C-alpha cells in the first residue's frame, strides 16, 4: 500500500545528505594502516586485518537501520574507537591516531554541515515513473517506529513503480517499512525559506567523548581566540588543535640578570604523512619583560644565590604570576656565573621540580649558539641560503657564531664586553675586571677602583678591545692581546662569510641607538663601526639585538619514535633533560675522520665533554646505504666516542630515518659498545632541543619522547 504523505523537514534534510561512504572507509583503513606500519612494522599486516574485520563486523550489525548516507557515515565514526581498541591499547600512539581521525572526520562533517546550512540540494534522479508524474515527486521508505524517511535503492524503486504484484518490503526496527510519496519541489521551496532543523554532530561526540572533554577542547579554542585573535583571522574557524602555554625565560649572566614571561601558541602537526604528532610554535606574545639588574655576586666567580632568587620572586609578584601558573620554561646561567657547582644550585632553586623546565649552565660556546639562535640569524641564513657571523657583545664577553644555511657551524668566545670597565658619568671607575687589568698593563696604565680616568684613556682601552674582537672575526687570533683574551679556540673559517650581524647590549649602539650605561659600551660601539668600515665588512641587522635571549621553552606534546629502536635492557627510564646535539655529516661526505670531527664540534658548541656529559647525538641525513657502509659507520662511532665507551657513559643516537635498530645491532656486533646504548629513529628534532625519553612501548619497539625547545623573542617590542 502506498501512503500519500509529505516527508518531515528533519527527515528530508537527512535523506538529502550525500557522503561517499566507500571513499571514506578506504581513507580510514589507509590511515590506520599507515600508523600500524610506522609503529608496529613486524605485525602491521596482521593488525590491519584484525582492525578491518572488527570494523566491518561492527558496521554490519547496523546496516538494516543505517539506510541514509548520513547514518552510514555516523556509524563509521561511532564504531571507530571500538574497532581500534581491538588492535591498540590506549596510550600515546592510540591517542595520536584518534586525534588524526577526529581531524579527518570533522572535515567531512563540516562539509555535511555546509550542505545543510547552505541549502545544498543535489540533483535527484529518483523521480517516480508514474502516469502524469514528473521530477517534482519521489518515493521514500518510512519507518513508523523511528519516524524516519529512508532512501529506496534504484533497482527496488523501479520494481515498486512498475510491478503489478505486491513486493515484500524490508524491515526497520522489526517492522515492515511503508512507502510514501514526497514532493521534491515543495521540499526544495521549504529548504529555501526556512532553516534546517538537522544538527550535525561532532566527531568526538559521535565517538563517545563526554561533554566535559568536549567542553575542555572548546575552552582551549576560546582561550586561543582571546589571546591571539589574529590567528583566527588567518586560519578561519577551523583552527585545528592548538596548545597555549605560559612560559618563563630566566637569564642569569655574569653582568646582568632578567626574566621574561611569554604566552606561547603551539599547533599540532596536521599531515597524515608526517606522524610526529609534534606541536610547532606559531605565535609568541610577551606578557612581561622584567627589570634588568646587575647580577649579585659573592665574588668574581660565584652568584649570590639568595639575592638572585629573591629578585626573581619579586619579579613573579610584579608580573602577577604564581609559580604554579607557569607551564614550562628555561633557566640559562651564562658567563662567569656558569661555574658548574654554583650554576647547578641556581638552576635547582629557580627551575621546576616537575622536569618541565629546560635548565642549562651555558659555557662560552653554548652562549654563542644561543646568541645566534636568539638574534634570528640562524633562521635567516636558512631562508637566504647564505653564511652569516653573529657577534653577541654583552657585558663581559663577545660570543661569535657562524651560521650557514640554517646550521651553526662554528662558535667561539673572547673576553670583550661593555662592563669589563665600569665608569660613571664623571669617569670615576667603579669596576675593573681581570681582562681590563691585563690591557691596562699592556698600555702602561695604572688605575684602581675609585680613580678618575681621562676619556682618552677610556677610548684607548676600548680601541684595544675592538681591535682584538675584529681580529678574531677575520681570522685566528695572532696578536698577544687577542690570544690572551680568547676564552675558546678560534673559529672555523672554511666557509666564506657573506655578512656580519651584532646582538647583545652593545649592538643597539652599533646600529645607532643612543645611551650610556656607566661602562665603556658606547666607546666599543664607535670603534667597532670604524673598524668594520675600514675593512669593508658588510653589517647586517638581525631581528633581535639587545634581547637576543631565551624567553622560555615550548613543552611539546609526546612524540613517538620509530618502531625499529635498539636499547640496552638494563637502562632505567625515564631519562630527562637530555640536550640534542646535531652531528652535521651527510652520506656523500662521510668518512671516520669527518664523523669524529663533527661529533667533537657538536660537544664543543654546547661546552660539553665527550665521556662526561649525557647528550643525544642527532643525525638528520639518511646516512644508511648498505650493510658494508653501516659497518663502517658503527666503527666510526666507536672511534668518535672513546671516552664514553671507556667510562661506561650512556650513548644515545637518534636518526630522522628508519635505521635505529640496524645501527644498534651493528654497534653491538662490530664494536666494544655493548652496554648503555640507545638507538632511536624517525624523530623530528633540532639543535637546541631538550628531550625526555619515557619507558619504551611495545616491548621496546618504540619510545615516547617529550621534546622541549628553547624559544626566542621575534621582535624587540
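Does residue 408 fit the bill of being part of a strand (DSSP E or B), at pLDDT 85 or above and more than 29 Å from residue 306 (Cα to Cα)? So residue 408 fits the description; yes. Among the residues of the stretch 381-408, those identified as closer than 19 Å to residue 496 by Cβ, over 22 Å from the mean Cα position of the chain (by Cα) and touching a residue at least 24 places away in the same chain (Cβ under 8 Å) are 386, 387, 388, 389, 390, 391, 400, 401, 402. Take the conditions (1) under 19 Å from residue 570 (Cβ atoms); (2) within 30 Å of the chain's Cα centre (by Cα); residue 684 misses just one of them, which is (1). Scanning the stretch 409-462 for residues that are in contact with a helix residue (DSSP H, G or I) (Cβ under 9 Å, 6 or more places away or on another chain) and free of Cβ contacts under 8 Å to residues at least 12 places away in the same chain yields one hit, 446.
If the condition is being modelled with pLDDT under 75 and surrounded by 21 or more Cβ atoms within 10 Å (Cβ to Cβ), then the stretch 348-374 contributes 350, 357, 358, 359, 360, 361, 362. Taking the numbered list (1) in a helix (DSSP H, G or I); (2) surrounded by 14 or more Cβ atoms within 10 Å (Cβ to Cβ); (3) modelled with pLDDT of 85 or more in turn, residue 337 passes all entries but (3). Kindly indicate whether any position in the stretch 375-387 is at pLDDT 95 or above, in contact with a helix residue (DSSP H, G or I) (Cβ under 7 Å, 6 or more places away or on another chain) and farther than 22 Å from residue 520 by Cα. Yes; the residues of the stretch 375-387 include at least one that is at pLDDT 95 or above, in contact with a helix residue (DSSP H, G or I) (Cβ under 7 Å, 6 or more places away or on another chain) and farther than 22 Å from residue 520 by Cα. Residues in the stretch 285-303 that are out of contact with any helix residue (DSSP H, G or I) (no Cβ under 9 Å at 6 or more places or on another chain) and either surrounded by 15 or more Cβ atoms within 10 Å (Cβ to Cβ) or part of a strand (DSSP E or B) (or both): 286, 289, 292.
Okay, residues lined up against (1) assigned by TED's automatic domain parsing to the domain that holds residue 599; (2) in contact with a strand residue (DSSP E or B) (Cβ under 6 Å, 6 or more places away or on another chain); (3) modelled with pLDDT under 95:
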| site | (1), (2), (3) |
| --- | --- |
| 398 | no, yes, yes |
| 415 | no, no, yes |
| 422 | no, yes, yes |
| 440 | no, no, no |
| 464 | no, no, no |
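All of 581, 524, 558 fail the test of being part of a strand (DSSP E or B) and modelled with pLDDT of 85 or more, apart from 581.
The values are calculated or read from the model by the stated rules, or taken from the named source; none is laboratory data. Just so we're clear, the structure is a prediction, and the values are computed from it rather than from any experiment. Using ideal geometry, Cβ is built from the backbone for each residue, glycine included, and neighbour counts are taken over all protein chains shown.
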